[in-house]
Amino acid sequence: MKKTAYNEDYLRHAKNKIGNMFDYADYGLNENIDDFMEKFIKSGIAEMFGEGHPKYVLGTSGYELAADVVYETTGKIIDINPIISDYKSPVYWAGWSLAYYQWASGASFAQIQRAIPISDIVEMYHPLHEAGLDKFADVMDDRIADYKIFSVE
């Protein structure tokens, strides 16, 4: 296991933030999820989040993260209208799981995206959403090894 950028105590919050960010981008902002992932990376927020920058890991909500990504990549300020629901969509699950994998693997969001687009992770919802995160990480490791872009220790 790699040295993580932030304490495991914050991981639950980090997963929820990334899950909510992608869910809001998809359902609240009607963004194509792969395009939004590219914006997340291009904005620099993905890198700072992955490095454990407190503003992003601890200080903002998933909705605010989405708004920051839009602002950083388009200059547009959006009104945040959170979607409050107990239902966790496949897109939420993909972001939630991706945040865990990024934290646990030490790979950057950009590295992961090059190997496995977020839309492919959404497609993993069935059958993996009821499996543990270790199983998800194993599947991700196998898929990334197939792409031979980088190795995960």
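Can you pull out the residues in region 45-61 that are open to solvent by less than 70 Å² (accessible area, probe 1.4 Å) and on the phi < 0 side of the Ramachandran plot?
Quick first cut of region 45-61, residues open to solvent by less than 70 Å² (accessible area, probe 1.4 Å) only: 45-46, 48-50, 52, 56-57, 59-61.
Across region 45-61, the qualifying residues are Ile45, Ala46, Met48, Phe49, Gly50, Tyr56, Val57, Gly59, Thr60, Ser61.
Name the pairs: first residue in region 102-130 and within 12 Å of Ile41 (Cβ to Cβ), second residue acidic (Asp, Glu) and part of a helix (DSSP H, G or I), Cβ to Cβ under 8 Å, at least 6 apart or on different chains?
Ser108/Glu47; Phe109/Glu47; Ala110/Glu47; Gln113/Glu38; Pro117/Asp34; Ile118/Asp34
Please go through region 30-44 and pick out each residue that is among the hydrophobic types (A, V, I, L, M, F, W, C) and open to solvent by less than 40 Å² (accessible area, probe 1.4 Å).
Once the filter is applied, which keeps residues that are among the hydrophobic types (A, V, I, L, M, F, W, C) and open to solvent by less than 40 Å² (accessible area, probe 1.4 Å), region 30-44 yields Ile33, Phe36, Met37, Phe40.
Results for (1) closer than 26 Å to His129 by Cα; (2) touching a Leu at 6+ places or on another chain (Cβ under 8 Å), shown as yes or no for each residue.
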| position | (1), (2) |
| --- | --- |
| Asp34 | yes, no |
| Met37 | yes, no |
| Gly44 | no, no |
| Gly52 | yes, no |
| Val70 | no, yes |
| Ile84 | yes, no |
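Restricting to region 107-137, and then to whatever is acidic (Asp, Glu) and at pLDDT below 95, can you tell me which residue is nearest to Thr4 (Cα to Cα)? Reasoning before the result, please.
Filtering region 107-137 down to residues acidic (Asp, Glu) leaves 120, 123, 130, 134.
From what is left, the residues that are at pLDDT below 95 are 130, 134.
Details: Glu130: 25, Asp134: 16 Å.
Per the criteria, the residue is Asp134.
In region 107-128, which residue that is of a type in the set (Gly, Ala, Ser) and assigned to a helix (DSSP H, G or I) is surrounded by the most Cβ atoms within 10 Å (Cβ to Cβ)?
The initial filter retains those residues of region 107-128 that are of a type in the set (Gly, Ala, Ser), namely 107-108, 110, 115, 119.
Filter again for assigned to a helix (DSSP H, G or I), leaving 110, 115, 119.
Working: Ala110: 15, Ala115: 18, Ser119: 14.
Ranking the qualifying residues of region 107-128, first place goes to Ala115.
Out of Ile80, Ile84, I need the residue that is free of Cβ contacts under 8 Å to residues at least 60 places away in the same chain, in contact with an Asp or Glu (Cβ under 7 Å, 6 or more places away or on another chain) and open to solvent by 20 Å² or more (accessible area, probe 1.4 Å). Which one?
Values: Ile84 fails: in contact with an Asp or Glu (Cβ under 7 Å, 6 or more places away or on another chain).
Only one candidate passes the filter, namely Ile80.
Within region 91-106, is there a residue that is in a loop (DSSP other than H, G, I, E, B) and modelled with pLDDT under 95? Give the derivation first.
First, the residues of region 91-106 that are in a loop (DSSP other than H, G, I, E, B): 106.
Now drop any that are not modelled with pLDDT under 95, which leaves 106.
Looking through region 91-106, at least one residue is in a loop (DSSP other than H, G, I, E, B) and modelled with pLDDT under 95.
The values are calculated or read from the model by the stated rules, or taken from the named source; none is laboratory data. Predicted, not measured: the structure shown is a model, and the values here were computed from it. For neighbour counting, all protein chains shown are included, and Cβ atoms are generated from backbone atoms with ideal geometry for every residue, glycine included. Heavy atoms of the whole protein, side chains included, go into the accessibility calculation; ligands, DNA and RNA do not. Shrake-Rupley method; radii C 1.70, N 1.55, O 1.52, S 1.80 Å.
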